[in-house]
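This report concerns only the one structure given below.
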Amino acid sequence: MTPNDSADIPVYLRLRGLLAAAILEGKFSEGDQLPSVRSFAADHGANPLTVAKAYQALQDDGYVSVRRGVGMFVAEGAVDRLRVQERETFLTRVWPRMRAHIERLGIDPAELVMREPA
């Protein structure tokens, strides 16, 4: 196991990350309805209560809004705000761990730039 494994991240935060990535990748645009909690849970083999917690986290952060009796929708301005927040998280939490891991493995930064994506 390495320090970069996501096993130490709670499941609801991993699911929130999947949803955030889908929004940032344009799979869900501002104003689009997200899949129902039950549908998302079934698609990802997750407990609906855990998915509901992930959706709630996105709602608490203002990236999605609820229309009672209808569902969850990507909020106006969510993509830009989410990109800013995700960049900050990457630069302050993820990148330092990745950089330390790269250094521990003795990987030359040029090797990372020249390597073809898998």
Those helices (runs of 4 or more DSSP H) completely within the stretch 13-118 that have 1 or more residues that are surrounded by 14 or more Cβ atoms within 10 Å (Cβ to Cβ) and within 16 Å of the chain's Cα centre (by Cα) are 37-44, 48-60, 78-89
Checking the conditions here, which among ASP8, ASP43 is among the acidic types (Asp, Glu) and under 28 Å from ARG97 (Cα atoms)? ASP8
What number of residues within the stretch 15-73 are polar (S, T, N, Q) and under 20 Å from VAL84 (Cα atoms)? 4
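We did not get these values from a lab; they are worked out from the coordinates using the rules stated. The structure displayed is predicted, hence computed values, not measured ones. As a convention, Cβ positions derive from the backbone with ideal geometry for all residues, glycine included, and neighbour counts pool all protein chains shown.
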